[in-house]
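Working notes, beginning with the structure itself.
The values are calculated or read from the model by the stated rules, or taken from the named source; none is laboratory data. Values in this document were obtained by computation on a predicted structure and should not be read as measured data. With ideal geometry, Cβ positions are generated from the backbone for all residues, glycine too; neighbour counts draw on all protein chains shown. Each accessible area value is taken on the protein alone, full model and side chains, heavy atoms only, with ligands, DNA and RNA left out. Shrake-Rupley method; radii C 1.70, N 1.55, O 1.52, S 1.80 Å.
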Amino acid sequence: MKNIWNLTKKDLKVILKDRAAFTWLFILPVVFILIYSILAGLASGSSSSKKETDTRALLVVVNLNPDGAQTGRFLDDLDRAGGYRVETTSQSDAEQRLKLLKIQRYLLIPANFSDDLAQGKPVTLQIINHPDANVQGTASLLQTVNGVARDTSLELQLLDGIRQMGEMQAGNPASQEAFPVEKTMAQAKSQFEHSRTTPLVAITTRVLEQESKQVLSTLDLSTSIVPGMSVLFVFLAAATVARGIYEERKLGSLRRLVSAPLKRWELLIGKMLPIWLLTLVQIIVIFLFGAMILPLLGIGKLGVGESPLAWAITSMVIALCSTSLGIMISSLAKTEGQINGLSNALLWVAGFLGGALLPSFLIQQIPMLNVLSRLVPQSWAIRAYYDILARGTGLVEVLPSLGMLLLFSAIFFFIGLRRFKFE
Amino acid sequence: MNQTNPLRAILSVAWKDLQVILKDRGFLVVVIFLPSVFSTLFGTINQKNIDNSRRSITLPIAVVNQDDGLYGPQITKVLGEIEGFKVTTLDTPAAAEEQVRNSQVMAAILIPQGLSQNVNTYQPSEIQVLIDPTQAAYARIIPGILKEVISPAVLVGELSYGIRTLLADYTPYQQADSATQRGLEAQSLAVNMAQVQKEQSDPWVRVQAVTSTGKDLVIVPDNLFAMVVPSFTVMFAFFIVGAMAADLLKERQEGTLRRLMTAPMPRWTIIAGKMLAFVVIVIAQVALIFGGANLIFDMPLGRSPLALALLTIAMGLAATGLGMMVAAISKTDRQADTTGLLLGFILSALGGCFAFGVVPLYKSGGTPELITRFIPHSYALRGFDALMIEGKGLVDVLPDVGVLLGFALLFLLVAAWRFRYE
């Protein structure tokens, strides 16, 4: 035990002096998370900081008739109609967002909307679409706006209809004076007002109550990016382990260690322990960064979930898996080039497959990648973190993922032990 | 002393360096394997995502019509004709609720008993829409659509009530015989039909869907690989910076640089030869990856191979220039390697190599786009975009080529100022 600890202390000292390793372990992850968060925040239109409980689709409206008597009511109706959350903005802002495809379409209310309707003139609303807008989405919006527009113009429809009826009665003694203008207008108005409080056919919506706990549908950046990035870089640390061991072998100090009165597994564990500790520090640094810096950028706050114990144990298991992987790489790789290039490359690809760079639900759309992602330990690590951080589950729920990680660790360690050249 | 022909010197240095580089498998993996794999993965996934978002989805809904009059069946029929709805008719509200609960349908529309009767006698009624909470985001648009579907019935109910009320208030009508009254009812019906038709063809509030014709709209490329492949290729092309700088410093540390300098050739030819070797690597990288993507994913290569070649060479020079500059300001090969690595990530991020969604940073307007203007990567990306997505020609990318060469020159000047030959 003491032997192992002595080895650990020595290795920690060596690694801490190595600037390149330091960069890989601490600076790159933090820089990467920062860049990734900012870019993803920009792309998602920076609405990520506020939790969206509103599941309705955003409808951007450019209201060129903001003071109109009818427009306010029309927009309220539209917002209440169901599917769309109305957000008014300036035309230049809407155009800019449309241009960058942040929105697929916007609704334009003309400046003469209220005046023309008040004077009984028809008006035209425009839904302005991006050329790449989903056709079906446009059709649905068209129908909804049409439906609301019918309600808004009910008074005009009634007036027109009754006027037409009156015109047909010219010469009919039983009804020729039945539809004088003032009476008609009063009738239409009263029916219109009545329809606003008591519609002839009301549509009521009932969202069935949910039985199971709702899965977070919104993607909070900090809970999706930070775990992914931590896992990516924690596993990249495996290459650092491998390089350290490789260099010791090259310099001959490994041979000296082998000749020391140490058992082989003691030596391997003595090599692994410092890295494991360092990896834990790395995880803590990344999470501290996520908890302290990301909120400053308005990217949501990162915690450790509802069970700090589950988080801590998961972190330890993930670090163990990465360290074992490092031992395996060092026992399989023959040259420094293989360690640097090949293992880094494979770790990046595996990290990608595991869902470190893109959310895993996107990766799982493609069946082959879905299968591949399950074959890399990163996916289990990210899943465990995601469950703990985003879904707030406890230790019990992540046990299957942790079990898979331990299985991977055992396989890596076993191959490492078998193939390790103690020389 | 008899000096060698500079061109020959450059070529022989480049040849030597190429041989050294080609032996470094790790480096080749980074420059060629990683961008290929990332392009393939990102491209496939994003393409799938775009296809999904473009595709029309079918919303399965259930309709329970309990109305035995005219309107219930009419509404059911119109709902069935809406593209995008897959309508199942069920008999009881309980059966519908069951299907919603099991997410078999997204929503159920319950048309109440006596709807037609109520509408005709101007009594309020209520159509209920049950929504599946797990699919609420899609299902919530159904009530809005339903509003349009029921609007003819509402108009008929309102208009006939209005006419009825006014007539009832008119004494001659009350005194008229029943035949006259029936005649008036028939006329009222005709007016109703006319108004419903007018609302369909020439409504008071017309809603028009138009496609924006703004000229600088960001268009999603048909083949997303044309965006993803250049992004990763440019990103990893600039990863030669660290390797190149480290290589140069290693030569200095190991003394081979000194030996080269004692050879009978001008100093600058050593640097030029090294740069040439790395430019060749970049050209090979672009040729291999773009060629592969063209063969496998039908990625368009644009109509001007010459422009593509010029842009690639300019990018290679900018990257190697940056490599020289990093070598000049670093003290050890390890430091150069790390600096190159960090620069590689940071510059590619700021230059717009990572695209979230379909709008790359260099087209995103505002401050982010302004930042990309200071990064050489963005000019390479912009150029490839113009050639491969927008199908432009040589003349259109000359400014980008020029800026890349400008960057190369700037980097080299800094390098020449700081580099120690020894």
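Here are some notes:
- Considering segment A:158-172, and only residues there that are facing another protein chain (nearest Cβ under 7 Å) and touching a helix residue (DSSP H, G or I) at 6+ places or on another chain (Cβ under 6 Å), the residue that is modelled with the lowest pLDDT turns out to be A:M168.
- The helices (runs of 4 or more DSSP H) found entirely in segment B:326-422 that carry 2 or more residues being out of contact with any Asp or Glu (no Cβ under 7 Å at 6 or more places or on another chain) and open to solvent by 30 Å² or more (accessible area, probe 1.4 Å) are B:333-351, B:366-372, B:394-418.
- Residue in segment B:94-104 that is part of a strand (DSSP E or B), more than 13 Å from B:A153 (Cβ to Cβ), more than 10 Å from chain A (Cβ to nearest Cβ) and open to solvent by 30 Å² or more (accessible area, probe 1.4 Å) present: no
- Taken over segment B:16-48, residues that are surrounded by fewer than 17 Cβ atoms within 10 Å (Cβ to Cβ) and within 7 Å of another protein chain (Cβ to nearest Cβ) amount to 2.
- Sole exception among (1) farther than 21 Å from B:P376 by Cα; (2) open to solvent by 10 Å² or more (accessible area, probe 1.4 Å) for B:A243, by number: (1)
- One residue stands out among those in segment B:28-52 that are free of Cβ contacts under 8 Å to residues at least 60 places away in the same chain and aliphatic (A, V, I, L, M): the one that is nearest to B:G291 (Cα to Cα), which is B:V37.
- Pairs are defined by a Cβ separation below 8 Å, a sequence spacing of at least 6 or placement on different chains, a first member in segment A:16-30 that is under 15 Å from B:A336 (Cβ atoms), and a second member that is part of a helix (DSSP H, G or I) and among the basic types (K, R); the pairs so defined are A:R19/B:R334; A:A20/B:R334.
- Any chance B:V205 is more than 30 Å from B:N294 (Cβ to Cβ) and within 10 Å of chain A (Cβ to nearest Cβ): yes
- Note on segment A:256-373: enclosed helices (runs of 4 or more DSSP H) holding 2 or more residues that are assigned by TED's automatic domain parsing to the domain that holds A:G403 and in contact (Cβ under 8 Å) with a residue 12 or more places away in the chain are A:264-292, A:308-332, A:344-354.
- Matching entry among B:R25, B:R55, B:R101 (being touching an Asp or Glu at 6+ places or on another chain (Cβ under 9 Å) and without any contact (Cβ under 8 Å) to a residue 40 or more places away in the chain): B:R101
- Scanning segment A:165-175 for residues that are crowded, with 21+ Cβ neighbours inside 10 Å and either in contact with a Gly (Cβ under 6 Å, 6 or more places away or on another chain) or farther than 10 Å from B:I163 by Cα (or both) yields a total of 1.
- Residues located in segment B:164-174, provided they are open to solvent by 50 Å² or more (accessible area, probe 1.4 Å), part of a helix (DSSP H, G or I) and within 8 Å of another protein chain (Cβ to nearest Cβ): none
- Search result, residues across segment B:129-142 that are surrounded by fewer than 19 Cβ atoms within 10 Å (Cβ to Cβ) and farther than 15 Å from A:E209 by Cβ: B:A137, B:Y138
- Test: B:V241 is in contact (Cβ under 8 Å) with a residue 40 or more places away in the chain, touching a Ser or Thr at 6+ places or on another chain (Cβ under 7 Å), of a type in the set (A, V, I, L, M, F, W, C) and under 28 Å from B:L317 (Cβ atoms): no
- B:V119 vs. criteria more than 33 Å from the chain's Cα centre (by Cα), at the interface with another protein chain (Cβ under 10 Å from one of its Cβ atoms) and among the hydrophobic types (A, V, I, L, M, F, W, C): yes
- Residues considered: A:I327, A:I366, A:I388, A:I339. Of these, the only one that is surrounded by fewer than 22 Cβ atoms within 10 Å (Cβ to Cβ) and on the phi < 0 side of the Ramachandran plot is A:I366.
- Scan of segment B:75-93 for residues that are touching a residue at least 40 places away in the same chain (Cβ under 8 Å) and open to solvent by 40 Å² or more (accessible area, probe 1.4 Å), ordered by number: B:V78
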